[in-house]
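Working notes, structure below.
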Amino acid sequence: MQQRWNVAQLQQQPLGRAAVLCSPRMAAAVRAALPDLTQHHAVAELGSDLQALVAVGGGTLLDAAKLWRVQQSPATKLIAVPTLWGSGAEASPVAVQSTPAGKEIAMGPEYVPDVRVVWPELGETVPESVARHACGDTWSHVLEAFVSPLASQETRKACAELMTRMLCAPLHFAPEWFDLSAEACGLQAASGVGLVHGFAHQLEAPLVAAFPAQGWGHARLCAVFLLPVMRFNQSHSPKLDNYAAQFGLDLPAVWAVLEQLFEPEAFAAAMQVATARWPAIARDRCTRVNHVLVRADALGFFAGFGERQEGA
Amino acid sequence: MDATHLTDNHIKLKDLLLDVLLLTESEFSFALKRAECETWDSLAVVAIAAGVEEVFGYHFHPEEATSLASVADIIRILQSKGISFEA
């Protein structure tokens, strides 16, 4: 079972032959807290004889560390320190690797880090928009888990309880987001995701290529597509409303959060790319387990969504 | 199956499975078996269950969904629940 440490606990643990993997941006903060550990900025620099690796970074870096540990050094104790919440990489059994062909997803209990460390100060200087998108990423995990056809009643109940707590958290930096995000990721791993992640997985690379200066990434895509996808789901099935009633979730409050996360202009820009990518979106592994069947003609709903939102 | 014998429910089921299994018209038949269809994987099992519930109002139990081995199985189960595929 994964352990949870704070920074003081990390500093006090005897790690043996250990190193830190972090981005250059984190180097100073990490050196101040862990002065005795050798720093590396790329997995290629890591030796295979490490007893412990402290990986400090966002989802991409943490996933790289997870993949390295499984593929190169399974005996290494992996300690994950997220610098941003949302992806849940520090807690999930999933590691995502971006390749020229798209995202490759590896999954299994061996990808869960042995320890996750909550060091909220690392997230304090994150730009407001990045923090907001990270909140959207977290909401997308727990909401898609809540309605997933693969979720048990116990998982749905836990999702509802988590969302009730999340409704008290602001859509910007707050220390509690690190634990909320890890919990959301755990629930998503116990059930599944859906069309929000189908859109995110298929659109990230082309949007980053087409609009490199506009801050597109997985978290922003999840945040922007959460409202349209949940409205699509609701238009085809009463399940979201039924589950909310069954588990005491304040659904109007949840819709209000999704409205705040929605960015109409960003959505319109993304839909220009999505239209050409629709077959890939419809075939995405996550789309195929969406709780509402995503059929070929579903694109029409999304194409008109922005205009309907304006008129609402 | 002769097109003249297709009921509305046959057509709905066919349209559903074309979408779920990512098949073209020419790749589909009512004699299709899961073992013959590469796209009838574990993800498709979930999507078939979701789609059948939407289209026909019947919720497959997980054991039922995973045991489906053919289109004929789907029709048989739905017929047993009172959903007609008779002309």
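The values are calculated or read from the model by the stated rules, or taken from the named source; none is laboratory data. Because the structure is predicted, anything quoted here is derived from the model rather than measured. When we count neighbours, we look across all protein chains shown, and the Cβ atoms used for this are built from the backbone with ideal geometry, even at glycine.
Given the structure, is A:Ala189 in contact with a Gly (Cβ under 7 Å, 6 or more places away or on another chain) and either within 14 Å of chain B (Cβ to nearest Cβ) or not basic (Lys, Arg) (or both)? Before the answer, list the steps.
On the way: in contact with a Gly (Cβ under 7 Å, 6 or more places away or on another chain): no; either within 14 Å of chain B (Cβ to nearest Cβ) or not basic (Lys, Arg) (or both): yes.
Here the answer is no, as A:Ala189 does not meet what is asked.
Of the residues A:Val30, A:Val43, which single one is among the aliphatic types (A, V, I, L, M), within 19 Å of A:Leu122 (Cβ to Cβ) and surrounded by 15 or more Cβ atoms within 10 Å (Cβ to Cβ)?
Working: A:Val43 fails: within 19 Å of A:Leu122 (Cβ to Cβ).
So the residue among A:Val30, A:Val43 that is among the aliphatic types (A, V, I, L, M), within 19 Å of A:Leu122 (Cβ to Cβ) and surrounded by 15 or more Cβ atoms within 10 Å (Cβ to Cβ) is A:Val30.
Of everything in the stretch A:276-287 that's within 14 Å of chain B (Cβ to nearest Cβ) and free of Cβ contacts under 8 Å to residues at least 60 places away in the same chain, which residue is nearest to the chain's Cα centre (by Cα)? This residue is A:Arg283.
So, in the stretch A:256-285, how many residues would count as being in contact with a strand residue (DSSP E or B) (Cβ under 9 Å, 6 or more places away or on another chain) and under 16 Å from A:Glu144 (Cα atoms)?
If we filter the stretch A:256-285 for residues that are in contact with a strand residue (DSSP E or B) (Cβ under 9 Å, 6 or more places away or on another chain), which is where we start, we get A:280, A:285.
Restricting the remaining residues to those that are under 16 Å from A:Glu144 (Cα atoms) gives A:285.
Within the stretch A:256-285, residues that are in contact with a strand residue (DSSP E or B) (Cβ under 9 Å, 6 or more places away or on another chain) and under 16 Å from A:Glu144 (Cα atoms) number 1.
Among the residues of the stretch A:201-218, at least one is within 22 Å of A:Pro93 (Cα to Cα), in contact with a Cys (Cβ under 9 Å, 6 or more places away or on another chain), within 14 Å of chain B (Cβ to nearest Cβ) and in contact (Cβ under 8 Å) with a residue 60 or more places away in the chain. Give the stretch A:173-186 a look and list any residue that's under 11 Å from A:Leu162 (Cα atoms) and either among the acidic types (Asp, Glu) or within 14 Å of another protein chain (Cβ to nearest Cβ) (or both), or say none. The answer is A:Asp179, A:Glu183. Here the condition is being at pLDDT 95 or above and within 14 Å of another protein chain (Cβ to nearest Cβ); of A:Phe225, A:Phe232, it holds for A:Phe232 alone.
Pick out the one residue from B:Ala44, B:Ala31 that is within 24 Å of A:Leu150 (Cα to Cα) and either among the aliphatic types (A, V, I, L, M) or within 14 Å of chain A (Cβ to nearest Cβ) (or both). Don't jump to the end; show me each part of the working.
On the way: B:Ala31 fails: within 24 Å of A:Leu150 (Cα to Cα).
When all the criteria are applied, what remains is B:Ala44.
Annotation: of all residues in the stretch A:264-312 being in a loop (DSSP other than H, G, I, E, B) and in contact with a Leu (Cβ under 9 Å, 6 or more places away or on another chain), the one that is surrounded by the fewest Cβ atoms within 10 Å (Cβ to Cβ) is A:Arg295.
Checking the stated criteria, A:Trp255 turns out not to satisfy the condition of being more than 17 Å from A:Leu227 (Cβ to Cβ), without any contact (Cβ under 8 Å) to a residue 40 or more places away in the chain and in a helix (DSSP H, G or I).
Considering the stretch B:32-45, and only residues there that are closer than 24 Å to A:Ser237 by Cα and within 12 Å of the chain's Cα centre (by Cα), the residue that is surrounded by the most Cβ atoms within 10 Å (Cβ to Cβ) turns out to be B:Trp40. Is it the case, given these coordinates, that B:Glu38 is touching a His at 6+ places or on another chain (Cβ under 7 Å), of a type in the set (Asp, Glu) and farther than 23 Å from B:His5 by Cβ? It is false that B:Glu38 is touching a His at 6+ places or on another chain (Cβ under 7 Å), of a type in the set (Asp, Glu) and farther than 23 Å from B:His5 by Cβ. Screening the stretch B:53-87 for residues that are in contact with a Leu (Cβ under 7 Å, 6 or more places away or on another chain) and crowded, with 19+ Cβ neighbours inside 10 Å and picking the one that is nearest to the other protein chains (Cβ to nearest Cβ) gives B:Ile74.
Yes/no matrix, rows are residues, columns are (1) part of a strand (DSSP E or B); (2) within 14 Å of another protein chain (Cβ to nearest Cβ); (3) at pLDDT below 95:
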position: A:Val117; (1), (2), (3): yes, no, no
position: A:Leu122; (1), (2), (3): no, no, yes
position: A:Arg132; (1), (2), (3): no, no, no
position: A:Asp137; (1), (2), (3): no, no, no
position: A:Phe146; (1), (2), (3): no, no, no
position: A:Leu150; (1), (2), (3): no, yes, yes
position: A:Cys159; (1), (2), (3): no, no, no
position: A:Leu162; (1), (2), (3): no, no, no
position: A:Arg165; (1), (2), (3): no, no, no
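Looking at the structure I just gave you, is B:Thr7 over 11 Å from the mean Cα position of the chain (by Cα) and within 12 Å of chain A (Cβ to nearest Cβ)? Judged against the criteria, B:Thr7 is not a match. So which of A:Ala268, A:Ala256 is touching a Gly at 6+ places or on another chain (Cβ under 6 Å), more than 9 Å from chain B (Cβ to nearest Cβ) and among the small types (Gly, Ala, Ser)? That would be A:Ala268, the only listed residue that is touching a Gly at 6+ places or on another chain (Cβ under 6 Å), more than 9 Å from chain B (Cβ to nearest Cβ) and among the small types (Gly, Ala, Ser).
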